[in-house]
1. Report yes if some residue within the range B:59-73 is in contact (Cβ under 8 Å) with a residue 12 or more places away in the chain, of a type outside the set (Asp, Glu), surrounded by fewer than 15 Cβ atoms within 10 Å (Cβ to Cβ) and touching a helix residue (DSSP H, G or I) at 6+ places or on another chain (Cβ under 7 Å); otherwise report no.
2. Please state which of the following conditions residue A:38 fails to meet, knowing it meets all the rest: (1) within 13 Å of DNA strand C (Cβ to nearest atom); (2) without any contact (Cβ under 8 Å) to a residue 40 or more places away in the chain.
3. Taking the range A:88-112, which residues are within 9 Å of DNA strand C (Cβ to nearest atom) and farther than 18 Å from residue A:47 by Cα?
4. Which one of B:113, B:129, B:135 is in contact with a Leu (Cβ under 8 Å, 6 or more places away or on another chain), within 14 Å of chain A (Cβ to nearest Cβ), buried (at least 17 other Cβ atoms within 10 Å of the Cβ) and of a type in the set (Val, Ile, Thr)?
5. Looking only at the range B:1-14, decide whether some residue is in contact with a Leu (Cβ under 7 Å, 6 or more places away or on another chain), modelled with pLDDT of 90 or more and surrounded by fewer than 18 Cβ atoms within 10 Å (Cβ to Cβ).
6. Output yes when any residue across the range B:57-64 is β-branched (Val, Ile, Thr), on the phi < 0 side of the Ramachandran plot and either part of a helix (DSSP H, G or I) or within 14 Å of chain A (Cβ to nearest Cβ) (or both), and no when none is.
7. Cβ-Cβ under 9 Å, sequence separation 6+ or interchain: first residue in the range A:2-14 and more than 7 Å from every other protein chain (Cβ to nearest Cβ), partner among the aromatic types (Phe, Trp, Tyr) and assigned to a helix (DSSP H, G or I). Which pairs?
8. Restricting to the range B:74-110, count the residues that are surrounded by 18 or more Cβ atoms within 10 Å (Cβ to Cβ) and of a type in the set (Gly, Ala, Ser).
There are 2 protein chains.
Amino acid sequence: MGNDIIHSIRDFNRFYTAILGVVNHHILESEYSLTEARVIYELHSAAALTARELKEMLQIDEGYLSRIITKFVKNGILRKKQVKSDKRAYLLELTAKGNKVFEAIDQQSDVQVAHLIEHLGKAEQKKLVELVTQVKALLTRE
Amino acid sequence: MGNDIIHSIRDFNRFYTAILGVVNHHILESEYSLTEARVIYELHSAAALTARELKEMLQIDEGYLSRIITKFVKNGILRKKQVKSDKRAYLLELTAKGNKVFEAIDQQSDVQVAHLIEHLGKAEQKKLVELVTQVKALLTRE
DNA sequence: AAATAATACTTGCTTAAGTCAAGTATTTTT
DNA sequence: AAAAATACTTGACTTAAGCAAGTATTATTT
(Lines give C-alpha, C1' and ligand atoms only; values in the text may rest on other atoms or scores of the structure.)
Protein backbone atom coordinates (compact mmCIF):
# COMPACT_ATOMS: atom_id res chain seq x y z
CA MET A 1 0.00 0.00 0.00
CA GLY A 2 1.07 3.60 -0.62
CA ASN A 3 3.49 4.26 2.17
CA ASP A 4 3.69 7.94 1.44
CA ILE A 5 0.01 8.19 2.15
CA ILE A 6 0.27 6.24 5.36
CA HIS A 7 3.23 8.26 6.50
CA SER A 8 1.46 11.51 5.81
CA ILE A 9 -1.49 10.39 7.88
CA ARG A 10 0.80 9.27 10.66
CA ASP A 11 2.60 12.58 10.59
CA PHE A 12 -0.75 14.27 10.99
CA ASN A 13 -1.65 11.93 13.83
CA ARG A 14 1.47 12.92 15.73
CA PHE A 15 0.74 16.56 15.05
CA TYR A 16 -2.85 16.31 16.18
CA THR A 17 -1.94 14.34 19.28
CA ALA A 18 0.05 17.37 20.36
CA ILE A 19 -2.82 19.69 19.49
CA LEU A 20 -5.24 17.63 21.55
CA GLY A 21 -2.75 17.63 24.39
CA VAL A 22 -2.72 21.41 24.44
CA VAL A 23 -6.46 21.73 24.05
CA ASN A 24 -7.22 19.20 26.80
CA HIS A 25 -4.61 20.51 29.18
CA HIS A 26 -7.10 22.53 31.19
CA ILE A 27 -9.14 19.42 31.94
CA LEU A 28 -6.12 17.50 33.17
CA GLU A 29 -5.35 20.44 35.43
CA SER A 30 -8.89 20.57 36.74
CA GLU A 31 -10.09 18.23 39.44
CA TYR A 32 -11.44 15.86 36.78
CA SER A 33 -9.69 13.33 34.62
CA LEU A 34 -10.27 13.20 30.90
CA THR A 35 -12.47 10.15 31.33
CA GLU A 36 -14.46 11.84 34.06
CA ALA A 37 -14.95 14.83 31.80
CA ARG A 38 -16.23 12.52 29.08
CA VAL A 39 -18.69 11.01 31.54
CA ILE A 40 -19.93 14.46 32.47
CA TYR A 41 -20.14 15.38 28.82
CA GLU A 42 -22.21 12.33 27.91
CA LEU A 43 -24.52 12.77 30.86
CA HIS A 44 -25.12 16.33 29.85
CA SER A 45 -25.96 15.49 26.24
CA ALA A 46 -28.19 12.53 26.94
CA ALA A 47 -30.77 13.31 29.56
CA ALA A 48 -30.45 10.10 31.55
CA LEU A 49 -28.30 7.02 31.05
CA THR A 50 -27.53 3.85 32.92
CA ALA A 51 -23.99 2.87 33.83
CA ARG A 52 -24.16 0.12 31.28
CA GLU A 53 -25.05 2.52 28.49
CA LEU A 54 -22.28 4.87 29.54
CA LYS A 55 -19.84 2.01 29.62
CA GLU A 56 -20.78 1.05 26.07
CA MET A 57 -20.54 4.60 24.80
CA LEU A 58 -17.22 5.40 26.38
CA GLN A 59 -15.74 1.91 26.22
CA ILE A 60 -14.41 1.96 29.74
CA ASP A 61 -14.11 -0.60 32.49
CA GLU A 62 -17.32 -0.96 34.43
CA GLY A 63 -15.53 -1.15 37.79
CA TYR A 64 -13.73 2.06 37.05
CA LEU A 65 -16.96 3.68 35.92
CA SER A 66 -18.72 2.49 39.06
CA ARG A 67 -16.13 4.29 41.16
CA ILE A 68 -16.41 7.45 39.11
CA ILE A 69 -20.16 7.41 39.62
CA THR A 70 -19.79 6.88 43.37
CA LYS A 71 -17.36 9.78 43.55
CA PHE A 72 -19.68 12.02 41.55
CA VAL A 73 -22.64 11.21 43.77
CA LYS A 74 -20.52 11.99 46.81
CA ASN A 75 -19.49 15.29 45.18
CA GLY A 76 -23.12 16.07 44.54
CA ILE A 77 -22.79 16.46 40.80
CA LEU A 78 -24.67 13.30 39.93
CA ARG A 79 -27.94 11.70 40.97
CA LYS A 80 -28.88 8.01 40.73
CA LYS A 81 -32.49 6.97 40.33
CA GLN A 82 -33.20 3.32 40.63
CA VAL A 83 -35.13 2.02 37.65
CA LYS A 84 -38.53 0.84 38.79
CA SER A 85 -38.75 -2.05 36.39
CA ASP A 86 -35.19 -3.21 37.14
CA LYS A 87 -33.79 -2.69 40.60
CA ARG A 88 -30.26 -3.53 39.48
CA ALA A 89 -30.04 -0.50 37.23
CA TYR A 90 -29.92 3.22 37.93
CA LEU A 91 -30.63 6.15 35.70
CA LEU A 92 -27.89 8.72 36.03
CA GLU A 93 -28.41 12.44 35.70
CA LEU A 94 -26.34 15.48 36.45
CA THR A 95 -27.58 17.63 39.32
CA ALA A 96 -27.76 21.39 39.02
CA LYS A 97 -24.27 21.47 40.44
CA GLY A 98 -23.22 18.88 37.88
CA ASN A 99 -24.55 21.00 35.09
CA LYS A 100 -22.53 23.90 36.41
CA VAL A 101 -19.42 21.74 36.36
CA PHE A 102 -20.20 20.82 32.80
CA GLU A 103 -20.66 24.45 31.86
CA ALA A 104 -17.31 25.36 33.38
CA ILE A 105 -15.42 22.61 31.57
CA ASP A 106 -17.30 23.28 28.39
CA GLN A 107 -16.60 26.98 28.44
CA GLN A 108 -12.93 26.39 29.10
CA SER A 109 -12.83 23.96 26.21
CA ASP A 110 -14.28 26.66 24.00
CA VAL A 111 -11.60 29.04 25.19
CA GLN A 112 -8.84 26.57 24.42
CA VAL A 113 -10.12 25.95 20.93
CA ALA A 114 -10.58 29.68 20.44
CA HIS A 115 -6.89 30.12 21.24
CA LEU A 116 -6.04 27.42 18.79
CA ILE A 117 -7.62 29.28 15.90
CA GLU A 118 -7.29 32.87 17.01
CA HIS A 119 -4.41 33.53 14.64
CA LEU A 120 -6.63 32.72 11.67
CA GLY A 121 -8.92 35.10 9.84
CA LYS A 122 -12.60 34.31 9.61
CA ALA A 123 -12.27 32.89 6.12
CA GLU A 124 -9.44 30.63 7.18
CA GLN A 125 -11.40 29.46 10.18
CA LYS A 126 -14.29 28.54 7.94
CA LYS A 127 -11.90 26.79 5.62
CA LEU A 128 -10.57 24.82 8.60
CA VAL A 129 -14.05 23.71 9.55
CA GLU A 130 -14.65 22.60 6.00
CA LEU A 131 -11.44 20.62 5.99
CA VAL A 132 -12.04 18.78 9.24
CA THR A 133 -15.62 18.08 8.27
CA GLN A 134 -14.38 16.43 5.11
CA VAL A 135 -11.74 14.50 7.04
CA LYS A 136 -14.39 13.19 9.38
CA ALA A 137 -16.63 12.25 6.49
CA LEU A 138 -13.85 10.32 4.80
CA LEU A 139 -12.86 8.48 7.94
CA THR A 140 -16.38 7.54 8.88
CA ARG A 141 -17.29 4.20 7.38
CA GLU A 142 -20.97 3.96 6.55
CA MET B 1 -16.36 34.52 18.65
CA GLY B 2 -18.12 32.27 16.18
CA ASN B 3 -19.37 29.46 18.33
CA ASP B 4 -20.41 27.33 15.41
CA ILE B 5 -16.83 27.25 14.28
CA ILE B 6 -15.53 26.36 17.71
CA HIS B 7 -18.13 23.68 18.14
CA SER B 8 -17.31 22.14 14.79
CA ILE B 9 -13.66 21.98 15.73
CA ARG B 10 -14.52 20.48 19.09
CA ASP B 11 -16.70 17.91 17.43
CA PHE B 12 -13.80 16.99 15.23
CA ASN B 13 -11.52 16.82 18.24
CA ARG B 14 -13.78 14.30 19.90
CA PHE B 15 -13.98 12.33 16.71
CA TYR B 16 -10.25 12.31 16.19
CA THR B 17 -9.56 11.40 19.81
CA ALA B 18 -11.46 8.19 19.15
CA ILE B 19 -9.56 7.63 15.90
CA LEU B 20 -6.24 8.05 17.68
CA GLY B 21 -7.41 5.68 20.37
CA VAL B 22 -8.05 2.98 17.81
CA VAL B 23 -4.84 3.63 15.92
CA ASN B 24 -2.70 3.64 19.06
CA HIS B 25 -4.36 0.65 20.62
CA HIS B 26 -1.65 -1.76 19.51
CA ILE B 27 1.00 0.26 21.33
CA LEU B 28 -0.96 0.24 24.57
CA GLU B 29 -1.23 -3.51 24.22
CA SER B 30 2.48 -3.91 23.58
CA GLU B 31 5.01 -3.91 26.38
CA TYR B 32 5.57 -0.18 25.88
CA SER B 33 3.52 2.78 26.96
CA LEU B 34 2.60 5.52 24.53
CA THR B 35 5.22 7.77 26.03
CA GLU B 36 7.87 5.07 25.78
CA ALA B 37 6.96 4.57 22.15
CA ARG B 38 7.39 8.29 21.57
CA VAL B 39 10.82 8.14 23.16
CA ILE B 40 11.78 5.27 20.89
CA TYR B 41 10.41 7.12 17.93
CA GLU B 42 12.37 10.29 18.66
CA LEU B 43 15.57 8.40 19.29
CA HIS B 44 15.16 6.65 16.00
CA SER B 45 14.62 9.85 14.04
CA ALA B 46 17.36 11.90 15.62
CA ALA B 47 20.63 10.01 15.73
CA ALA B 48 21.58 10.90 19.26
CA LEU B 49 19.92 13.03 21.87
CA THR B 50 20.43 13.90 25.51
CA ALA B 51 17.73 13.34 28.10
CA ARG B 52 17.29 17.07 28.35
CA GLU B 53 16.62 17.39 24.63
CA LEU B 54 14.19 14.52 24.75
CA LYS B 55 12.45 16.06 27.69
CA GLU B 56 12.02 19.32 25.79
CA MET B 57 10.76 17.60 22.66
CA LEU B 58 8.27 15.36 24.39
CA GLN B 59 7.39 17.69 27.24
CA ILE B 60 7.56 15.03 29.89
CA ASP B 61 8.77 14.95 33.47
CA GLU B 62 12.51 14.46 33.70
CA GLY B 63 12.28 12.00 36.57
CA TYR B 64 9.87 9.88 34.63
CA LEU B 65 12.10 10.09 31.58
CA SER B 66 15.12 9.11 33.61
CA ARG B 67 13.37 5.95 34.70
CA ILE B 68 12.30 5.14 31.17
CA ILE B 69 15.92 5.50 30.05
CA THR B 70 17.16 3.26 32.86
CA LYS B 71 14.61 0.64 31.92
CA PHE B 72 15.55 0.82 28.27
CA VAL B 73 19.25 0.43 29.05
CA LYS B 74 18.42 -2.58 31.20
CA ASN B 75 16.34 -4.01 28.35
CA GLY B 76 19.24 -3.49 26.01
CA ILE B 77 17.40 -1.28 23.57
CA LEU B 78 19.22 1.90 24.48
CA ARG B 79 22.84 2.92 24.94
CA LYS B 80 24.15 5.89 26.95
CA LYS B 81 27.41 7.56 26.01
CA GLN B 82 28.72 10.11 28.43
CA VAL B 83 29.45 13.39 26.72
CA LYS B 84 33.18 14.10 26.93
CA SER B 85 32.82 17.83 27.32
CA ASP B 86 30.09 17.48 29.95
CA LYS B 87 30.15 14.51 32.26
CA ARG B 88 26.64 15.21 33.53
CA ALA B 89 25.07 14.53 30.16
CA TYR B 90 24.69 11.39 28.09
CA LEU B 91 23.99 10.95 24.44
CA LEU B 92 21.27 8.40 23.94
CA GLU B 93 21.06 6.04 20.99
CA LEU B 94 19.01 3.01 20.17
CA THR B 95 20.95 -0.24 20.00
CA ALA B 96 20.43 -2.70 17.15
CA LYS B 97 17.82 -4.35 19.33
CA GLY B 98 16.27 -0.95 19.94
CA ASN B 99 16.01 -0.33 16.24
CA LYS B 100 14.25 -3.64 15.85
CA VAL B 101 11.76 -2.64 18.50
CA PHE B 102 11.20 0.59 16.63
CA GLU B 103 10.67 -1.27 13.37
CA ALA B 104 8.11 -3.54 14.98
CA ILE B 105 6.11 -0.70 16.49
CA ASP B 106 6.46 1.35 13.34
CA GLN B 107 5.25 -1.42 11.09
CA GLN B 108 2.28 -2.08 13.32
CA SER B 109 1.46 1.61 13.27
CA ASP B 110 1.49 1.48 9.49
CA VAL B 111 -0.87 -1.47 9.60
CA GLN B 112 -3.28 0.35 11.89
CA VAL B 113 -3.36 3.42 9.68
CA ALA B 114 -3.73 1.21 6.64
CA HIS B 115 -6.85 -0.27 8.22
CA LEU B 116 -8.12 3.20 8.91
CA ILE B 117 -8.08 4.17 5.25
CA GLU B 118 -8.55 0.81 3.57
CA HIS B 119 -12.16 1.50 2.76
CA LEU B 120 -11.16 4.49 0.64
CA GLY B 121 -10.14 4.47 -2.98
CA LYS B 122 -6.75 5.77 -3.98
CA ALA B 123 -8.14 9.13 -5.04
CA GLU B 124 -9.96 9.52 -1.74
CA GLN B 125 -6.85 8.59 0.17
CA LYS B 126 -4.92 11.27 -1.65
CA LYS B 127 -7.70 13.70 -0.96
CA LEU B 128 -7.47 12.82 2.73
CA VAL B 129 -3.75 13.51 2.76
CA GLU B 130 -4.35 16.82 1.11
CA LEU B 131 -6.97 17.71 3.69
CA VAL B 132 -4.89 16.86 6.74
CA THR B 133 -1.88 18.61 5.26
CA GLN B 134 -3.94 21.75 4.94
CA VAL B 135 -5.30 21.35 8.45
CA LYS B 136 -1.79 21.08 9.81
CA ALA B 137 -0.68 24.10 7.82
CA LEU B 138 -3.54 26.18 9.16
CA LEU B 139 -2.97 25.15 12.74
CA THR B 140 0.75 25.72 12.66
CA ARG B 141 1.57 29.24 13.70
CA GLU B 142 4.63 30.57 11.94
C1' DA C 1 -42.10 -23.47 40.26
C1' DA C 2 -37.32 -24.32 41.13
C1' DA C 3 -32.91 -24.25 39.30
C1' DT C 4 -29.78 -22.01 36.11
C1' DA C 5 -28.00 -18.46 33.65
C1' DA C 6 -27.56 -13.80 32.55
C1' DT C 7 -27.42 -8.92 33.77
C1' DA C 8 -26.29 -4.44 36.41
C1' DC C 9 -23.55 -2.90 39.41
C1' DT C 10 -19.92 -3.06 43.39
C1' DT C 11 -15.66 -4.05 45.66
C1' DG C 12 -10.88 -5.70 46.53
C1' DC C 13 -6.58 -6.12 44.64
C1' DT C 14 -3.03 -4.91 41.68
C1' DT C 15 -0.31 -2.50 38.22
C1' DA C 16 1.47 1.14 35.64
C1' DA C 17 1.71 6.04 34.43
C1' DG C 18 2.97 10.10 35.83
C1' DT C 19 4.21 14.03 39.26
C1' DC C 20 6.90 16.44 42.70
C1' DA C 21 10.62 17.40 45.44
C1' DA C 22 15.00 16.54 47.27
C1' DG C 23 19.62 14.84 46.24
C1' DT C 24 24.25 14.17 43.60
C1' DA C 25 27.67 15.37 40.42
C1' DT C 26 29.40 18.51 37.33
C1' DT C 27 29.82 22.87 34.95
C1' DT C 28 29.24 27.92 34.62
C1' DT C 29 29.02 32.41 36.52
C1' DT C 30 30.30 35.86 39.71
C1' DA D 1 36.68 30.21 45.73
C1' DA D 2 31.88 30.55 46.37
C1' DA D 3 27.42 30.60 44.43
C1' DA D 4 24.34 29.45 40.98
C1' DA D 5 22.88 26.75 37.32
C1' DT D 6 22.56 22.44 34.80
C1' DA D 7 21.95 17.24 33.81
C1' DC D 8 20.47 13.64 35.65
C1' DT D 9 18.83 10.34 39.62
C1' DT D 10 16.06 8.72 43.34
C1' DG D 11 12.36 8.36 46.80
C1' DA D 12 7.80 8.95 47.97
C1' DC D 13 3.39 9.48 46.42
C1' DT D 14 -1.02 9.90 43.68
C1' DT D 15 -4.16 8.38 40.59
C1' DA D 16 -5.92 6.22 36.37
C1' DA D 17 -7.25 1.99 34.95
C1' DG D 18 -7.82 -3.10 34.50
C1' DC D 19 -9.13 -7.68 36.23
C1' DA D 20 -11.63 -10.78 38.76
C1' DA D 21 -14.65 -12.17 42.29
C1' DG D 22 -18.90 -10.94 44.72
C1' DT D 23 -23.95 -9.33 45.42
C1' DA D 24 -28.50 -8.52 44.08
C1' DT D 25 -31.90 -8.84 40.77
C1' DT D 26 -34.06 -10.39 36.51
C1' DA D 27 -34.66 -13.64 32.64
C1' DT D 28 -34.46 -18.31 30.92
C1' DT D 29 -34.65 -23.14 31.06
C1' DT D 30 -36.31 -27.50 32.47
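1. The answer is yes, given that some residue of the range B:59-73 is in contact (Cβ under 8 Å) with a residue 12 or more places away in the chain, of a type outside the set (Asp, Glu), surrounded by fewer than 15 Cβ atoms within 10 Å (Cβ to Cβ) and touching a helix residue (DSSP H, G or I) at 6+ places or on another chain (Cβ under 7 Å).
2. (1)
3. Narrowing the range A:88-112 to residues within 9 Å of DNA strand C (Cβ to nearest atom): A:88-92.
Once the filter is applied, which keeps residues that are within 9 Å of DNA strand C (Cβ to nearest atom) and farther than 18 Å from residue A:47 by Cα, the range A:88-112 yields only A:88.
4. Working: B:113 fails: in contact with a Leu (Cβ under 8 Å, 6 or more places away or on another chain); B:129 fails: in contact with a Leu (Cβ under 8 Å, 6 or more places away or on another chain).
Result: B:135 is the single residue among B:113, B:129, B:135 that is in contact with a Leu (Cβ under 8 Å, 6 or more places away or on another chain), within 14 Å of chain A (Cβ to nearest Cβ), buried (at least 17 other Cβ atoms within 10 Å of the Cβ) and of a type in the set (Val, Ile, Thr).
5. no
6. Keep residues of the range B:57-64 that are β-branched (Val, Ile, Thr), which gives B:60.
The next check asks that each one be on the phi < 0 side of the Ramachandran plot; those that pass are B:60.
Checking which are either part of a helix (DSSP H, G or I) or within 14 Å of chain A (Cβ to nearest Cβ) (or both) leaves us with B:60.
Yes - at least one qualifying residue is present in the range B:57-64.
7. Here the result reads A:14/B:41, each pair linking the range A:2-14 to a residue that is among the aromatic types (Phe, Trp, Tyr) and assigned to a helix (DSSP H, G or I).
8. Residues in the range B:74-110 being surrounded by 18 or more Cβ atoms within 10 Å (Cβ to Cβ) and of a type in the set (Gly, Ala, Ser): 2 in total.
The values are calculated or read from the model by the stated rules, or taken from the named source; none is laboratory data. Just so it is clear, the structure is predicted and the values come from calculations on it, not from any experiment. Please note: Cβ atoms are built from the backbone with ideal geometry, for glycine as well, and neighbour counts cover all protein chains shown.
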